[in-house]
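Visitor: Sharing a structure below in structure tokens format, with a few things to ask.
The values are calculated or read from the model by the stated rules, or taken from the named source; none is laboratory data. It should be emphasised that the depicted structure is a prediction, and the values quoted were computed from it without experimental measurement. As a convention, Cβ positions derive from the backbone with ideal geometry for all residues, glycine included, and neighbour counts pool all protein chains shown. Keep in mind that these areas ignore ligands, DNA and RNA; they rest on the heavy atoms of the full protein, side chains included. Shrake-Rupley method; radii C 1.70, N 1.55, O 1.52, S 1.80 Å.
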Amino acid sequence: MTTTTNTATNTAPVPTTVAQPPPRTGARHGPSTLRHGATLAWRGLVKTVHSPEALIDVTLQPVIFLLLFVYVFGGAIAGDTSAYLQFALPGVLVQTVIFASAGTGTGLADDLHTGIFDRFRSLPISRAAPLLGAIGADLARYATSGVIMLVFGTILGFRTSAGPLAIVAALLLVMAFAFALCWVFTALAMLVKDPRSVQGLGALISLPLTFGSNVFVPASTMPGWLQGWVDVNPVSKTADAVRGLLLGGPVAGPAGTALLWAAGITLVFAPIAVTLYRRRT
Amino acid sequence: MAAPPPTVVAMNEPAIRVEGLVKTFGATTALAGVDLEVRRGSVLGLLGPNGSGKTTTVRVLSTLLRPDGGRATVLGHDVVADAPAVRLRIGLTGQYAAVDDALSGVENLRLIGRLLDLSRRDARRRTDELIERFGLAEAAGRRVKTYSGGMRRRLDLAASLVGRPDVLFLDEPTTGLDPRHRNEVWEHVRALAAEGTTVLLTTQYLEEADQLAEDLVVLDHGEVIASGTPASLKADVGGQLLHVRPLHRADVGAVATLLGELTAETPAIDPTGELTLSGTPALLHRLGVRLEEDGVPVAELGLRLPSLDDVFLTLTGRPAEAGPATEEAA
Ligand SMILES: Nc1ncnc2c1ncn2[C@@H]1O[C@H](COP(=O)(O)OP(=O)(O)OP(=O)(O)O)[C@@H](O)[C@H]1O
Ligand SMILES: [Mg+2]
């Protein structure tokens, strides 16, 4: 018998030509960035589908606030609970999407922490692609959490007089605001790194922003200094515009201000976030 | 004006060339001028104790870290100036598995395939191939969160192979694997090397380096303190080591004297009362006989191959640091 099963030492001769070139194109600019961004956004969506808990998380808190406020304070604030629900739900919609937007920061911090970004960075894809992917997937998350909140509100008894177009417009408006804020949370994630601290600090931003507004209580009962803040708070403006869209009332004024705020926040924080991101990755 | 970088590199150009590489983190000097070369199609083992700069070297070579000094090229492409070209040709399995916990094994691999611009079909085919090859079929559809450490490690290795890299970096690829899976990973590395892939792997185990690498480079405190073939490194340590531990600590002195008589050498004595010195089967036999005659009971007596610790002891004159790893995963 001459059969040998030699697996131990491998002294294969060094090939004189490199094994077939890999089928990689190496395109690094323009459309490939978008394509890779879309692929990574797909990753984000699959993650959400696999663990819808994350989505429930961002919706659950506002739901609890909504229930508390409607049934504990609603009668006192608005005379009866269903009138209060009509008043509060549009604002809680804004709050929900802001919480989802804080999740953008946590998700990015997580990716940096677990080393998956190292894998991406060792691949021939543009540096912007992972960030684009994260934000792309998150826009879809904002929309989903907004829809969940609308459905939940409807179950509780919220009734809108608006047509589908106005509802979509309201969702787009809150998404625009969440998009603007996600740059703040991204910048935070790049600065703080540890996912848990990012979550904690994110709450420090999102809670005063949403409670220091007219989301739950009309500003008229607040002390003057607070009214001053509540009046300029972009969350109030966005909530006003959403109320206008869903319940009737002025839309153009508050929506215009809300969009200006969103543009302003994006203009300031997107460059900061991108600079920090480039330094980090 | 610099000439455009050559796209075809002469075959005698090493796959990896590192010259005077320096990297500091604040006050810590992680790399203090590292030089090394890896021949095309060969496997180089980078050895060193915790904190010696192995991971830092791999991260610089895989374009994740910018060096502060020196130069490194992979297949002729500078890792700083020409990083995108390097990324087209390399695969990286980092020290800590870089796979997405929330995705399944299959989804992880397809994701990499799509990011490497494989068509949907090719990405699927390549994924199936690698799942099969790494014995992950059973767990393929499960979220990685539910994987054992070894499965995660194998998936990470598979992820670095999706693009059929010409140069593969493996940072401690078998740490945390059980012996069976360690052997499997070794087989994979051998097969890749046989296909012509250049491999740079770091390890803390001399045995692993011995099994896989044709050449070794030993790092300590960010410097190359030795390099050569496994055989030459072991020769530096002096072949086999004889170790003996008397049952009673009181006998340590007597055994040391006896060894001195037999070899005219002074044995090293460690805190557990084990005596070590270079030895041969003949010495082992003579020592056994003498211990029996003198009625000294022993707990352990035998010959062993030098461990990495022994290499360090010999090369640096002090034991490798045994403190816990202090590196950051960042
Ligand atoms: N990001 C970082 N920030 C600060 N110091 C770092 C960083 N990365 C590495 N170091 C330091 O650089 C030195 C070399 O670290 P490196 O991770 O390269 O060692 P190693 O040989 O891979 O060690 P191990 O066997 O523990 O993995 C260590 O002193 C480490 O603390
Ligand atoms: Mg390391």
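Visitor: Residues that are open to solvent by 30 Å² or more (accessible area, probe 1.4 Å), within 17 Å of A:Val94 (Cα to Cα) and of a type in the set (A, V, I, L, M): which helices (runs of 4 or more DSSP H) entirely in the stretch A:197-281 hold 3 or more of them?
Guide: The qualifying helices (runs of 4 or more DSSP H) are A:252-280.
Visitor: Moving on. Here is a list: A:Leu108, A:Leu40. Which entry is within 15 Å of the chain's Cα centre (by Cα) and either open to solvent by 40 Å² or more (accessible area, probe 1.4 Å) or within 14 Å of chain B (Cβ to nearest Cβ) (or both)?
Guide: Values: A:Leu40 fails: within 15 Å of the chain's Cα centre (by Cα).
Testing whether each residue is within 15 Å of the chain's Cα centre (by Cα) and either open to solvent by 40 Å² or more (accessible area, probe 1.4 Å) or within 14 Å of chain B (Cβ to nearest Cβ) (or both) leaves just A:Leu108.
Visitor: Looking at the stretch B:156-178, which of the residues that are among the hydroxyl-bearing types (Ser, Thr, Tyr) and assigned to a loop (DSSP other than H, G, I, E, B) is nearest to the other protein chains (Cβ to nearest Cβ)?
Guide: The initial filter retains those residues of the stretch B:156-178 that are among the hydroxyl-bearing types (Ser, Thr, Tyr), namely B:160, B:174-175.
Imposing the further condition that a residue be assigned to a loop (DSSP other than H, G, I, E, B) reduces the set to B:174-175.
Working: B:Thr174: 17, B:Thr175: 15 Å.
For the stretch B:156-178, the residue satisfying everything is B:Thr175.
Visitor: Take the conditions without any contact (Cβ under 8 Å) to a residue 60 or more places away in the chain, among the aromatic types (Phe, Trp, Tyr) and either within 14 Å of another protein chain (Cβ to nearest Cβ) or open to solvent by less than 10 Å² (accessible area, probe 1.4 Å) (or both) and apply them to A:Tyr71. Does it pass?
Guide: Criteria not met by A:Tyr71.
Results for (1) assigned by TED's automatic domain parsing to the domain that holds B:Val167; (2) away from ligand 1 (no atom under 15 Å from the Cβ); (3) under 17 Å from the mean Cα position of the chain (by Cα), shown as yes or no for each residue.
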residue: B:Val22; (1), (2), (3): yes, no, no
residue: B:Phe25; (1), (2), (3): yes, no, no
residue: B:Ala32; (1), (2), (3): yes, no, no
residue: B:Lys54; (1), (2), (3): yes, no, yes
residue: B:Arg59; (1), (2), (3): yes, no, yes
residue: B:Ser62; (1), (2), (3): yes, no, yes
residue: B:Ala72; (1), (2), (3): yes, no, no
residue: B:Leu75; (1), (2), (3): yes, yes, no
residue: B:Asp78; (1), (2), (3): yes, yes, no
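Visitor: A further question follows. Just to confirm my filter: which helices (runs of 4 or more DSSP H) fall fully inside the stretch B:229-309 and include at least 2 residues that are modelled with pLDDT under 85 and within 30 Å of B:Asp215 (Cβ to Cβ)? Before the answer, list the steps.
Guide: On the way: elements: B:230-237, B:252-263, B:281-294.
The qualifying helices (runs of 4 or more DSSP H) are B:230-237.
Visitor: Tell me which residues, restricted to the stretch B:212-227, are of a type in the set (Gly, Ala, Ser) and more than 11 Å from ligand 1 (Cβ to nearest atom). Lay out the reasoning, then the answer.
Guide: Filtering the stretch B:212-227 down to residues of a type in the set (Gly, Ala, Ser) leaves B:213, B:222, B:226-227.
The answer is B:Ala213, B:Ala226, B:Ser227.
Visitor: Taking the conditions exactly as written (open to solvent by less than 10 Å² (accessible area, probe 1.4 Å), among the aliphatic types (A, V, I, L, M) and closer than 30 Å to A:Gly115 by Cα), does A:Ala189 satisfy them or not?
Guide: yes
Visitor: Among the residues of the stretch B:73-89, is any out of contact with any Cys (no Cβ under 8 Å at 6 or more places or on another chain) and closer than 13 Å to B:Leu36 by Cβ?
Guide: Just the residues of the stretch B:73-89 that are out of contact with any Cys (no Cβ under 8 Å at 6 or more places or on another chain), to begin with: B:73-89.
After this cut, where a residue has to be closer than 13 Å to B:Leu36 by Cβ as well, the list is B:73-74.
Within the stretch B:73-89 (the criterion being out of contact with any Cys (no Cβ under 8 Å at 6 or more places or on another chain) and closer than 13 Å to B:Leu36 by Cβ), the answer is yes, since at least one residue qualifies.
Visitor: Related question: Take the conditions more than 14 Å from chain A (Cβ to nearest Cβ) and either touching a strand residue (DSSP E or B) at 6+ places or on another chain (Cβ under 9 Å) or surrounded by fewer than 22 Cβ atoms within 10 Å (Cβ to Cβ) (or both) and apply them to B:Ala81. Does it pass?
Guide: Details: more than 14 Å from chain A (Cβ to nearest Cβ): yes; either touching a strand residue (DSSP E or B) at 6+ places or on another chain (Cβ under 9 Å) or surrounded by fewer than 22 Cβ atoms within 10 Å (Cβ to Cβ) (or both): yes.
Yes: the conditions hold for B:Ala81.
Visitor: Moving on to the next point. Can you tell me which residue in the stretch B:116-127 is farthest from the other protein chains (Cβ to nearest Cβ), limited to those that are more than 28 Å from the chain's Cα centre (by Cα) and not in a loop (DSSP other than H, G, I, E, B)? Quick ask: steps written out before the conclusion?
Guide: In the first step, residues of the stretch B:116-127 are kept if they are more than 28 Å from the chain's Cα centre (by Cα); the result is B:117-125.
Filter once more, keeping what is not in a loop (DSSP other than H, G, I, E, B): B:120-125.
On the way: B:Arg120: 11, B:Arg121: 12, B:Asp122: 7, B:Ala123: 10, B:Arg124: 14, B:Arg125: 12 Å.
Among them, the one singled out is B:Arg124.
Visitor: As an exercise: evaluate B:Ala137 against (1) open to solvent by 10 Å² or more (accessible area, probe 1.4 Å); (2) within 11 Å of another protein chain (Cβ to nearest Cβ); (3) more than 18 Å from the chain's Cα centre (by Cα); (4) more than 25 Å from B:Glu13 (Cβ to Cβ) and give the number of the one condition it does not meet.
Guide: Failing condition for B:Ala137: (2).
Visitor: Could you figure out which of (1) within 16 Å of ligand 1 (Cβ to nearest atom); (2) open to solvent by 40 Å² or more (accessible area, probe 1.4 Å); (3) touching a Phe, Trp or Tyr at 6+ places or on another chain (Cβ under 6 Å) isn't true of B:Thr175?
Guide: (3) is the only condition that B:Thr175 fails.
Visitor: Looking only at residues that are β-branched (Val, Ile, Thr), open to solvent by 30 Å² or more (accessible area, probe 1.4 Å) and away from ligand 2 (no atom under 16 Å from the Cβ) in the stretch B:14-67, which one is nearest to the other protein chains (Cβ to nearest Cβ)?
Guide: B:Thr24
Visitor: Here is a further query. Can you name the number of the only condition in (1) more than 24 Å from B:Val86 (Cβ to Cβ); (2) within 15 Å of ligand 1 (Cβ to nearest atom) that B:Leu233 fails?
Guide: Unmet condition: (2).
Visitor: Quick one: which of B:Thr263, B:Thr229 is more than 16 Å from ligand 2 (Cβ to nearest atom) and within 14 Å of chain A (Cβ to nearest Cβ)?
Guide: Criteria check complete, one pass: B:Thr229.
Visitor: Let me ask something additional. Only one of B:Gln211, B:Gln240, B:Gln204 is within 16 Å of ligand 2 (Cβ to nearest atom) and either open to solvent by 20 Å² or more (accessible area, probe 1.4 Å) or farther than 30 Å from B:Phe169 by Cα (or both); which?
Guide: Values: B:Gln211 fails: within 16 Å of ligand 2 (Cβ to nearest atom); B:Gln240 fails: within 16 Å of ligand 2 (Cβ to nearest atom).
Only one candidate qualifies: B:Gln204.
Visitor: Limited to the stretch B:68-78, what total is found for residues that are at negative phi and either open to solvent by less than 30 Å² (accessible area, probe 1.4 Å) or acidic (Asp, Glu) (or both)? Before the answer, list the steps.
Guide: First pass over the stretch B:68-78, keeping only residues at negative phi: B:68-69, B:71-74, B:77-78.
Add one more test, that the residue is either open to solvent by less than 30 Å² (accessible area, probe 1.4 Å) or acidic (Asp, Glu) (or both), and what stays is B:68-69, B:72-74, B:77-78.
Result for the stretch B:68-78: 7.
Visitor: Moving on to the next point. If only one of B:Arg153, B:Arg182 is within 16 Å of ligand 2 (Cβ to nearest atom), of a type in the set (Lys, Arg), open to solvent by less than 70 Å² (accessible area, probe 1.4 Å) and in a helix (DSSP H, G or I), which one is it?
Guide: One residue alone meets the criteria, B:Arg153.
Visitor: Another one. Against the condition within 16 Å of ligand 2 (Cβ to nearest atom), touching a residue at least 40 places away in the same chain (Cβ under 8 Å) and assigned by TED's automatic domain parsing to the domain that holds B:Glu129, how does B:Asp166 come out, does it pass?
Guide: no
Visitor: Oh, and also: Inside the stretch B:84-98, can you point out the residues that are of a type in the set (A, V, I, L, M) and at the interface with chain A (Cβ under 7 Å from one of its Cβ atoms)? Even if it seems obvious, please write down each step before you answer.
Guide: Just the residues of the stretch B:84-98 that are of a type in the set (A, V, I, L, M), to begin with: B:85-86, B:88, B:90, B:92, B:97-98.
Within the stretch B:84-98, B:Leu88, B:Ile90, B:Leu92, B:Ala98 qualify.
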